[in-house]
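Visitor: I am attaching a structure below and will ask some questions about it afterwards.
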Amino acid sequence: MAFFKQITEKYETDRDAICLLEYVITNSYCWNAPGMLCGNIEVLWAQIKYYKRYYGKDNRNLLNHYVLSFDTCHYEKDVEFHTILMCANMLSRYFYEYQPIWGIHLHDTHYHIHIAVSYTHLTLPTIA
């Protein structure tokens, strides 16, 4: 069964945030940062930092990390890759105002989508 969870780790320094972005991007089969100029990780982080300063949000947890995981060995074994890609794009539209950066990781037992979003507004959307 697929599940969606928020990773509770805090990303309070620039180095923590860059390490998360490196993990999401470099370990992925494919990735995207909709609404941003795609480049290397430093370019993406510079854009996030710019908006954080603009909104005055650069003094607390810098990024939020979510994972949507599929059990592709059992329950979701018939889920095709393009469906998972569609899910990643849907998640990025849901978090569009929060500068989402997502990556699809392919493992033998499961596929999963990591999404890192910025705290640029007062509250993050709630997932119902």
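Visitor: Are any of the residues in the stretch 66-75 closer than 17 Å to Tyr11 by Cα, in contact with a strand residue (DSSP E or B) (Cβ under 6 Å, 6 or more places away or on another chain) and not β-branched (Val, Ile, Thr)?
Guide: Yes, because at least one residue in the stretch 66-75 is closer than 17 Å to Tyr11 by Cα, in contact with a strand residue (DSSP E or B) (Cβ under 6 Å, 6 or more places away or on another chain) and not β-branched (Val, Ile, Thr).
Visitor: Restricting to the stretch 30-56, name every residue that is at positive phi and either in contact with a His (Cβ under 8 Å, 6 or more places away or on another chain) or without any contact (Cβ under 8 Å) to a residue 12 or more places away in the chain (or both).
Guide: Gly56, the sole residue that qualifies.
Visitor: Please state which one of Ala17, Ala88, Ala116, Ala46 is among the small types (Gly, Ala, Ser), within 16 Å of the chain's Cα centre (by Cα) and more than 18 Å from Lys5 (Cα to Cα).
Guide: Ala17
Yes or no, residue by residue, for (1) among the small types (Gly, Ala, Ser); (2) under 17 Å from Tyr96 (Cβ atoms):
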{"site": "Gln6", "(1), (2)": "no, no"}
{"site": "Ala17", "(1), (2)": "yes, no"}
{"site": "Ser28", "(1), (2)": "yes, no"}
{"site": "Leu44", "(1), (2)": "no, yes"}
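Visitor: Scan Ile115, Ile25 and give me the residue that is in contact with a helix residue (DSSP H, G or I) (Cβ under 6 Å, 6 or more places away or on another chain) and modelled with pLDDT of 90 or more.
Guide: Ile115
Visitor: Determine whether Thr72 is in contact with a Ser or Thr (Cβ under 8 Å, 6 or more places away or on another chain), closer than 22 Å to Ile104 by Cβ and β-branched (Val, Ile, Thr).
Guide: Against the criterion (in contact with a Ser or Thr (Cβ under 8 Å, 6 or more places away or on another chain), closer than 22 Å to Ile104 by Cβ and β-branched (Val, Ile, Thr)), Thr72 qualifies.
The values are calculated or read from the model by the stated rules, or taken from the named source; none is laboratory data. Source: prediction; values computed, not measured. Positions of Cβ are backbone-derived with ideal geometry, glycine not excepted, and every protein chain shown enters the neighbour counts.
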